[in-house]
1. Please pick out the residue among B:Pro35, B:Pro50, B:Pro28, B:Pro43 that is in a loop (DSSP other than H, G, I, E, B), more than 8 Å from chain A (Cβ to nearest Cβ) and surrounded by 16 or more Cβ atoms within 10 Å (Cβ to Cβ).
2. Look through A:Ala18, A:Ala91, A:Ala83 and report the one residue that is surrounded by 17 or more Cβ atoms within 10 Å (Cβ to Cβ), of a type in the set (Gly, Ala, Ser) and facing chain B (nearest Cβ under 7 Å).
3. Which of (1) within 25 Å of the chain's Cα centre (by Cα); (2) open to solvent by 20 Å² or more (accessible area, probe 1.4 Å) is the odd one out, the single condition A:Gln419 does not satisfy?
4. Does A:Ala83 satisfy the condition of being among the small types (Gly, Ala, Ser) and touching a helix residue (DSSP H, G or I) at 6+ places or on another chain (Cβ under 8 Å)?
5. List every residue pair whose Cβ atoms sit under 7 Å apart, with the two residues 6 or more apart in sequence or on different chains, where the first one lies in the range A:463-478 and is farther than 15 Å from A:His432 by Cα and the second, anywhere, is among the acidic types (Asp, Glu).
6. Of all residues in the range B:125-148, count the ones that are out of contact with any His (no Cβ under 8 Å at 6 or more places or on another chain), assigned to a helix (DSSP H, G or I) and buried (at least 23 other Cβ atoms within 10 Å of the Cβ).
7. I'd like the full set of residues that are modelled with pLDDT under 60 and facing chain A (nearest Cβ under 7 Å), limited to the range B:330-355.
8. When you look at A:Ser73, is it modelled with pLDDT under 95, more than 7 Å from chain B (Cβ to nearest Cβ) and touching a Ser or Thr at 6+ places or on another chain (Cβ under 9 Å), yes or no?
2 protein chains.
Amino acid sequence: MDAAEFRRRGKEMVDYVADYLENIEQRPVYPDLEPGYLRSLIPNEAPAEPETYEEIMKDVERVIMPGITHWHSPYFYAYFPAASSYPAMLADMLCTAIGCIGFSWAASPACTELETVMMDWLGKMLQLPEHFIAGTHGHGGGVIQGTASEATLMSLLAARCKAVRRVQASNSELPEAEIFSKLVAYTSEQAHSSVERAALIGGVMMRKVPTDNSYAVGGDMLKKMVEEDKAAGLIPFYTCKHTFMCYPNNLLRFLFLPGNKENMWMHIDAAYAGSAFICPEFRPLLNGVEYADSFNFNPHKWLLVNFDCSAMWVKKRADIIGAFKFEPLYLKHENQESGLVTDYRHWQIPLGRRFRSLKLWFVFRMYGLSGLQAHIRKQVGLAKEFESLVRADKRFEICAEVIMGLVCFRLKGSNELNQDLLKRITNGREIHLVPCQLSSRFVLRFAICARTTESRHIQQAWHHITQLTFELLQEPNH
Amino acid sequence: MDAAEFRRRGKEMVDYVADYLENIEQRPVYPDLEPGYLRSLIPNEAPAEPETYEEIMKDVERVIMPGITHWHSPYFYAYFPAASSYPAMLADMLCTAIGCIGFSWAASPACTELETVMMDWLGKMLQLPEHFIAGTHGHGGGVIQGTASEATLMSLLAARCKAVRRVQASNSELPEAEIFSKLVAYTSEQAHSSVERAALIGGVMMRKVPTDNSYAVGGDMLKKMVEEDKAAGLIPFYTCKHTFMCYPNNLLRFLFLPGNKENMWMHIDAAYAGSAFICPEFRPLLNGVEYADSFNFNPHKWLLVNFDCSAMWVKKRADIIGAFKFEPLYLKHENQESGLVTDYRHWQIPLGRRFRSLKLWFVFRMYGLSGLQAHIRKQVGLAKEFESLVRADKRFEICAEVIMGLVCFRLKGSNELNQDLLKRITNGREIHLVPCQLSSRFVLRFAICARTTESRHIQQAWHHITQLTFELLQEPNH
């Protein structure tokens, strides 16, 4: 395919994409097929000779679309939002075309520098403490990671390295492996599996701190556990506060044990909730972030920036870089030691990286802060609307305070009853939800996801749920 | 921006991208600016209100393009190729529009299933042993990782977990931390920094096995080190054979110590060279892969699939999944336990993932195997052409056998002389190269990178290098 054909096919693809998104409501939100469906629809091997573009696009409708769970359908209320907007898509096209691998400053200066400045813009939008802003002389700064899991892992590795150095400073004989075996990290028992994974990868112990009735962790409980561990000869070194979608309020209520008091690194992961902090009315939920050593959230969830784009800030760049700095000659460049230069490969697990800050730049400028705030507020409003519908129906209950875009609800009654309701919803394929477990209760999650979700979709979804509920409760066994 | 405006702007962007790539030769391949250049060109904060699209696109030329190192310029011979093709770009547009987060089968069945089948197609193109092919009943299979670094890390974590289970099977009392402290991984002293990083992250020892004159590792040396370590009470558990770009041949010469003999996991990382193995004439270099537990290479380097797309296969799926399997309720789905279903989140560090197999599908079908082979052969031919030019000039020497698309060369003489030559090349900005170090000699790397590089570019590059050499050698101090 040459440039001339790309011009033609690219424009067709733009129309295909626009058609897909404009008419997405007409597709069933959740596919109706059995595992293994795809293999029999296509050949067993790659073709020896080129095929035509028409054949491929025909197969997109024949093979791919029937197997898609349509995350951008306004009938998709499952998992969490996957951000998507036209400006981000345009930026992504440009990013792909430039196609630089920005592992170092020299590998494409614009790629590195726009990222640093965009992370400053975003940090200011969130009113992050000054020490997270790179500016021209700051010691901290931001980086785009692929996902929150990677940000959590990087923070844990930086903390581990810092802890080893601190211990060895006063006891230089102690082997690293022995120090590792004494390190303890802490997180909420409700935290995301990525936190446990980070500890597993880093080979350190992870303690889960019990949560209270509102699924928040109390500082007293954490303090008690830390003291017990210290008394047992262990070395507390890391806490991760994860604002799970169900209860973003737990950040506020996770009474902060300021990290430096115990020499513990404090990482805050507000993967979903973080986007809302650009609105002054939600920002108080982030209070306490001034004690954190690193902070992370995912613009690719709720800030209209397509996956992947996870925003992470560190208080001290030196800490994260210190986790592993290697410099083979072929990656060195002249400006490296000037102090002005950021080589982002030292901030992340992979070496390669895309020019993702273009997406932030396009989205921030095409929406403006006001447009982004309006998006957040609209989606929170839709969640509140759904909450009201649930509360007005005495057969149902709300299971967690509705603060942002997620409503956790259930039929009053057994877990089985609710499992049965969810099964009917899933099989109906008109809307798509997934469950969660809160205090051993099976709960339905209704997450406002698609950018194009409107009040009429919410009303329709609730109508559908009550219809299925009516049918369910007619059954003799209920 | 609504769908109607996206149709217009998207088509403009397609033209912008085609214009950019068609006229890329007219831009200086390497930017001429100082670190920190970008910050002063744009505001300090995000705009409160939306800006127009025209303003942003004007800034792409004003702010971004002057700071780009143009990886797709035919005058770019630095680092390694970053694959790029029009079919991959079209697939990427589709991937962004669908925007599913395919962490589990249910999250978008097509996303998971196309990936499994495309990895089978690719595995067959490489003539991988049958145990790496998923098929309908296989125990192994492929996964798309973001980068080779992540593939290496995943393999090391899987190996570590397996080793701990094996040791604990015969000694259940031994704490995990103590086992970790005895684990030893091995790699070539010339291996990529990502291998060291993986060991650092995983908290295990890494030994570097000395290489011979052709920068290959001998199996005898490895065997000797393994035996010494075992005698010292350590537990050898992992070897990583990295085919570095300079000497892809070391895979062949790294005499295989079949992994199962010593219960060691063997990972092969052929990040760059792997693409060439679709050509029968290069495939013998991969012989020995039948002993490997995992194998990885980057289609995003040399197989016309835009970043990111790193292809990894494992012999036993259960091993990689076993490294960390968590199942929170909200990620569970009905088909999970059927055995037919792959949940790729268990195969990788991040939770989220894009629909990257679309890129493979478009590229394989639009090029066909023959088209991809032609691309590899053409680029190897260009490297050979450059090699001949160097060999014909008695002032220069070739520093490593030219097997694929990389020529390592230098002026006969001191490292300083060659550093001086490289400085002139870099400052000239007509072509872009980076150095490497081979046996403490400063060497210039000339990598065939851009898809559009032709013989005339090679000739022009050599003409430029000899011109600068002439000037350099005129100077009194040389």
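1. Sole residue among the options that is in a loop (DSSP other than H, G, I, E, B), more than 8 Å from chain A (Cβ to nearest Cβ) and surrounded by 16 or more Cβ atoms within 10 Å (Cβ to Cβ): B:Pro28.
2. Sole residue among the options that is surrounded by 17 or more Cβ atoms within 10 Å (Cβ to Cβ), of a type in the set (Gly, Ala, Ser) and facing chain B (nearest Cβ under 7 Å): A:Ala18.
3. (1)
4. yes
5. Note: pairs meeting the criteria are A:Leu472/A:Asp420.
6. Residues that pass the stated criteria total 1.
7. B:Tyr330, B:Asn335, B:Ser338
8. no
The values are calculated or read from the model by the stated rules, or taken from the named source; none is laboratory data. It should be emphasised that the depicted structure is a prediction, and the values quoted were computed from it without experimental measurement. When we count neighbours, we look across all protein chains shown, and the Cβ atoms used for this are built from the backbone with ideal geometry, even at glycine. With ligands, DNA and RNA removed, areas are computed over all heavy atoms of the protein, side chains included. Shrake-Rupley method; radii C 1.70, N 1.55, O 1.52, S 1.80 Å.
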